[in-house]
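Participant: I'd like to ask you about the structure that follows.
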Amino acid sequence: MQLADRMGTIKPYFFAELGVRIAEMRTRGKDVIRLDVGSPDMPPAPFIVQELQRAACQPDRHGYSQLGGSPGFREAVATYYTRHFGVTLNPQSEVVGLIGSKEGLFHLSMAFLDPDDVALVPDPGYAVYAGAARFAGAEVVTVPLLEQNNFLPNLSAIPANARQRAKLLWVNYPNNPTGAVASDAFFTELIDFAHTHQILVCHDAPYLHVTFDGYRAPSLLQVPGAREVTVEFNSLSKTYNMAGWRLGMACGHAPAIAALHSLKSNIDSSQFPVVQDAGIKALTGDQNWFAERNTVYQERRDIVLNGLSQAGLIAYKPQAAMYVWARIPQGRQSAEFTSALLDETGVSVTPGSFFGECGEGYFRISLSTPTPRVEEAMKRISTWV
């Protein structure tokens with residue numbers, strides 16, 4: 001049977017292939033330390049797990065959920081936005097529940113992009129932004145995130161033709177993979193740009209509460225005029241250590257939320273009600289435990305920065321997200337360097353080239369590995385480079 005032509009746009013997923021390679025190494029007895037995938041190693045707060053257990057014991061919580069998320073979950077999302085960012089959302093028209101934010105990112109592109117449309121995608125950036133646009137048949141125009149501009153896009157440098165044809169502009173702050181953060185001034189410029197060119201800004205924001213050194217990340221929806229041109233994707237994966245639970249939300253521009261809801265209603269049946277009940281407890285319960293979790297990440301960040309410095313490698317100190325972005329030694333390629341590092345030391349990191357052409361020359365270290373293993377990884381790297 002012949003596959004659809006669009007399947008030709010789907011590339012093998014880097015982390016799936018890497019996982020197979022690491023599994024083979026481990027069967028040969030190699031001790032591999034994974035600093036590549038950004039999946040929290042710490043559990044959710046106990047009260048969240050307890051709510052999952054309680055809800056699972058209720059006989060009426062095992063059927064289908066209301067499409068787009070239960071009313072209680074959507075109201076909890078609205079409460080969360082008011083509590084943390086002073087943003088007032090209508091839970092019926094400006095919030096939709098997601099089975100993790102990843103599917104929402106993909107489906108929004110399906111809802112908005114036609115062949116010959118343009119999606120403006122950051123480079124380096126999360127591969128789903130470009131992958132979803134290509135699957136929809138749209139053209140991807142990359143927007144470089146350069147070190148000299150603090151890994152922020154230069155909006156004025158986007159070609160005029162691309163601005164005219166663009167329907168979507170993807171941004172992600174705090175940023176994966178660079179750890180960069182966006183200023184209020186940049187967010188204001190971004191919303192002005194979107195209004196001027198009638199482009200929908202898609203802000204992927206799962207790291208808003210993974211922050212260090214007293215930094216507090218803003219929501220893009222805080223900017224005046226943002227909700228008329230913005231959909232913000234958020235998730236309980238990183239904020240609440242619930243990555244495997246697959247629960248997220250999209251918020252903002254009501255027509256875009258309605259379109260996403262309509263598409264998803266024909267594709268999925270929403271998340272398991274019990275998981276949504278636990279999500280409600282997470283969003284509305286005690287939030288003070290973030291600080292303890294972030295202290296652990298910050299300690300690991302500092303271990304990584306110190307280890308890379310001792311190895312003679314240049315790294316960028318992040319204020320947020322759960323990654324350290326570092327330069328590879330001059331004269332080497334990202335994929336070659338990280339592959340050799342894995343083979344020779346058993347330390348797995350992500351090549352910057354996976355995130356786009358502008359990621360070449362860098363590699364990413366994830367902080368979601370137990371601290372003693374991070375320390376051991378840094379010892380191996382510092383003696384290897």
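Participant: If each of T196 and E17 carries a label point 7 Å out from its Cα toward its Cβ, how far apart are those two points in nm?
Facilitator: The answer from the label model is 4.0 nm.
Participant: Starting at the first residue of region 48-63, write each ³J(HN,Hα) from the Karplus equation 6.51 cos²θ - 1.76 cosθ + 1.60 with θ = phi - 60°, in whole Hz, x for Gly and Pro.
Facilitator: Computed from phi, the couplings for region 48-63 are 6, 5, 4, 5, 4, 5, 4, 5, 5, 7, 8, x, 9, 10, 10, x Hz.
Participant: May I pose another question? Assign unit charges at the C-beta atoms only (+1 for Lys and Arg, -1 for Asp and Glu), then state the dipole size of region 63-284 relative to its Cα centre in Debye, rounded to the nearest 20.
Facilitator: 420
Participant: What three numbers, in Å, describe the spread of the alpha carbons of the chain along their principal axes, ordered from the longest?
Facilitator: Principal axes ranked by extent give 56, 55, 54 Å for the Cα atoms.
Participant: Among L105, G248, A278, which residue has its Cα positioned farthest towards the positive end of the charge dipole of region 63-284, with +1 placed on the Cβ of Lys and Arg, -1 on the Cβ of Asp and Glu, and the dipole taken about the Cα centre?
Facilitator: Towards the positive end, the residue furthest out is A278.
Participant: Please report M110, M242 as a ranked list, fewest other C-beta atoms within 10 angstrom at the top and most at the bottom.
Facilitator: By the 10 Å Cβ count, ascending: M110, M242.
Participant: GNM, the chain, Cα, under 10 Å: largest mean-square fluctuation among K167, K30, K238?
Facilitator: Sorting by GNM fluctuation, first place goes to K30.
Participant: Please work out whether region 1-153 counts as rounded, prolate or oblate from its C-alpha gyration tensor, where a ≥ b ≥ c are the square roots of the eigenvalues and a/c under 1.5 means rounded, while otherwise a/b larger than b/c means prolate and anything else oblate?
Facilitator: oblate
Participant: Can you bin region 151-277 into rounded, prolate or oblate? Criterion: square roots of the alpha carbon gyration tensor eigenvalues sorted a ≥ b ≥ c, rounded for a/c under 1.5, prolate for a/b above b/c, oblate for the rest.
Facilitator: Judged from the Cα gyration tensor, region 151-277 comes out oblate (a/c at least 1.5, b/c at or above a/b).
Participant: With +1 on each Lys and Arg Cβ and -1 on each Asp and Glu Cβ, and nothing else charged, work out how big the dipole of region 1-142 is about its Cα centre, in Debye to the nearest 20.
Facilitator: With Lys and Arg at +1 and Asp and Glu at -1, about 580 debye.
Participant: Using a 7 Å offset from the Cα along the Cα-to-Cβ direction at both D41 and E228, what is the distance between the two label points in nm, to one decimal?
Facilitator: Output for this residue pair reads 4.8 nm.
Participant: Straight-line reach from K102: which lysines have a Cα under 24 Å away, not including same-chain ones fewer than 8 places off?
Facilitator: K11, K167, K238, K264, K281
Participant: If the only charges are +1 at each Lys and Arg Cβ and -1 at each Asp and Glu Cβ, what is the size of the charge dipole of the chain around the Cα centre, to the nearest 20 debye?
Facilitator: With only Lys, Arg, Asp and Glu charged at Cβ, the dipole is about 560 debye.
Participant: Rank the residues K379, K102, K11, K264 as a footprinting-exposure proxy: fewest other Cβ atoms within 10 Å of their Cβ go first.
Facilitator: The most exposed by this proxy come first: K11, K379, K102, K264.
Participant: Let me ask something else about it. Could you give the distance between the Cα centres of region 133-167 and region 1-36, to the whole Å?
Facilitator: Answer, in whole Å: 28.
Participant: So, in Å, what gap is there between the alpha-carbon centers of region 242-321 and region 344-385?
Facilitator: 21
Participant: Please give the length that would be gained between V296 and V49 if that part of the chain were fully extended, namely 0.36 nm times their separation in residues minus their C-alpha to C-alpha distance (nm, one decimal).
Facilitator: Gain in length upon complete extension: 86.9 nm.
Quick note: the coordinates plus some simple rules give every number you see, no bench work behind them. Please read these numbers as outputs of a predicted model, since none were measured by experiment. Note that each Cβ is placed from the backbone with ideal geometry, even for glycine, and that neighbours are counted across all protein chains shown.
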